[in-house]
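For reference, the structure discussed in these notes is given below.
Taken together, the values in this text are just the output of simple stated rules run on the coordinates, not laboratory data. Quick caveat, the model's predicted, so the values are computed rather than measured. Using ideal geometry, Cβ is built from the backbone for each residue, glycine included, and neighbour counts are taken over all protein chains shown.
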Amino acid sequence: MAEQRHTLLICTVGGTPEPVIAALKRWKPVRVRFVHTPQTKGDVDAKIVPKARDEGVDLDPGRYDLFELPDGQDLASCLDRLRQLTPKVMDWVARGDKFQVVVDFTGGTKCMSASIALQASRWPCLFSYVGGSERTKDGVGVVVSGAEKVVCQANPWDALGHQAVEEFVVLFDQRAFLAAANVAEVAKKRVTLPDRKREFSVLEQLARAFDAWDRFDHSTSRALLEQVTRSANDLRAALTSAHRVLDAIESSRAHLDEICRTTPPSRAHVLDLLANAKRRRDEGRVDDGVARLYRAIEATAQLALKERHGIESTARVPLDRIPEPPRSEWAARAKEGVVAIGLQDAYRLLMSFKDPLGEKFESAALHGTKSPLVARNQSILAHGFECVREKIFDDLWKAALSLADVVEADLPSFPVLGDRGEN
């Protein structure tokens, strides 16, 4: 015996009651919402309800509601008005697994049918359409009264995952990679076709790869992007912008390889920090962006000390490698012949070595009390409780690019899946 479902039927009303009656008989709804125009409003009580009663479907006034579309020929206004049904639909299905929504779009104008199908694509619902085994005009006219047949199918956007792909693209382009991955994961479980499952699997891998990269988990990102590349055909089937994604992965391969194989800091690490800072700035997360710029500026000094002066770590700088006058000043805090130095001291050490980078740091006015780096120290993400202003980011951004001797085009970029091109 089939499990009883509590059905909310939403159906469009046209010029004849037969399709609506057929839907009512098929679904035996607990509640009905008749979607009508001013021209068909009176037909609900005058024709549909009495005839439904004659057919064994008794609709008392408490079981149905009227929902009017002011103009059944205006697609935009129909869509705008039908959006108001969304809370009703979501409230109904939220009651439990036995509660379902069925949308029958047989009646009404073509514009009404199109608009409710478009709107219902975003609802957890079944689609219903009343066809027939016999039609007038040698089989191409209207359904003969009494020959109606209800055709039911799952929401095609749900079954095929089109809506999920749209949501995935929007979230991915907003850099909400984890949320995009979750959308793909849920859709993968929901769709039934094996090829669609593979497509959502590669989308999930893609989002998780860039989520890992955005969190500086480069080895995980590289492994996932290799899986995406191996599933290139599935990606092409899922996304029209797949060529951009695959090109971006290929251009990023050398960057990720260098990060994963070299001991930090390296030039690739500096570029990655700068690119990450820009993404945070684009999201409006200025404090996060400044924190990354600070680290990029510090890493730039650490890289110069390692490559040009043989100092592998600023956490353990041999005291006997430090020129005067810093050596005498820092000797008191030395332990076992080594001293740890921070950003300002790293650049001071470079200046002591007469390194051009140290001179560039001083010329950029980053070493004094009015340095924008001081504002970073007052950030809630550092040592204070202040919100960093955008100007501070902009000043540090220019300085960081100059110190690293790069331009923005040198930075690794993430692909954009929508129609906006590359980021």
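Based on the mean of other beta carbon atoms within 10 Å per residue, what is the order of 60-67, 170-177, most packed first?
In decreasing order of mean packing, 60-67, 170-177 become 170-177, 60-67.
What number, rounded to the nearest 500 deg cm²/dmol, is the helix-based mean residue ellipticity at 222 nm of the chain, given -39500 (n - 2.57) per DSSP H run of at least four residues and division by all its residues?
Result for the chain, helices only: -16000 deg cm²/dmol.
Nearest 0.05, what FRET efficiency do residue 236 and residue 114 give at R0 = 25 Å with Cβ-Cβ as r? Before the final figure, lay out each step's value.
Details: r = 29 Å, r/R0 = 1.18.
Approximately 0.25, to the nearest 0.05.
Once both axes come from the Cα atoms, what is the angle between helix 177-190 and the longest principal axis of the chain, in degrees from 0 to 90, rounded to 10?
Relative to the chain, helix 177-190 is tipped by roughly 30 degrees.
Compute the helix-to-body angle for 110-120: its Cα long axis versus the longest principal axis of the chain, expressed 0 to 90° and rounded to tens.
In the chain, helix 110-120 runs at an angle near 50 degrees to the longest axis.
Could you let me know the centre-to-centre spacing of region 242-299 and region 37-111, using Cα atoms, in angstrom?
53 Å
What is the helix-to-structure angle for 194-214, meaning the angle in degrees between its Cα long axis and the longest Cα principal axis of the chain, kept from 0 to 90 and rounded to the nearest 10?
Helix 194-214 and the main axis of the chain meet at about 30 degrees.
Give me, ordered by chain and number, the residues 5 or more places off residue 65 or on other chains with an amide H under 5 Å from its own placed amide H.
32, 33, 34
Using 1/(1 + (r/R0)^6) with R0 = 22 angstrom and r between the beta carbons of residue 338 and residue 257, what's the FRET efficiency to the nearest 0.05?
Plugging the Cβ-Cβ distance into 1/(1 + (r/R0)^6) gives 0.10.
Report the residue, chosen from 14, 310, 108, that carries the largest GNM mean-square fluctuation when the chain is represented by alpha-carbon nodes joined by springs under 10 Å.
Among 14, 310, 108, the largest mean-square fluctuation in the Gaussian network model of the chain belongs to 310.
Take every Cα pair under 8 Å in the chain that's 6+ residues apart, average their separations, divide by the length, and report that relative contact order as a whole percent.
10 percent
Just to be sure I understand the model, the point goes 7 Å from the Cα along the line to the Cβ. What's the resulting residue 223 to residue 315 distance in nm?
2.4 nm
Cut-off under 13 Å on the C-alpha distance; same-chain residues fewer than 8 positions from residue 360 excluded. Which aspartates and glutamates are left, in chain and number order?
Cα-Cα hits under 13 Å: 405.
Please list the non-local residues whose amide H lies under 5 Å from the amide H of residue 338, H modeled 1.01 Å from N, same-chain partners needing a gap of 5 or more.
So residue 338 has HN proximity to 319.
Name the lysines eligible as straight-distance cross-link partners of residue 188: C-alpha to C-alpha under 24 Å, and not fewer than 8 places from it in the same chain.
Partners found: 98, 197.
Work through the residues other than residue 218 whose Cβ is under 11 Å from its Cβ and net out their charges, Lys, Arg +1 and Asp, Glu -1.
Neighbour charge sum, excluding residue 218 itself: -2.
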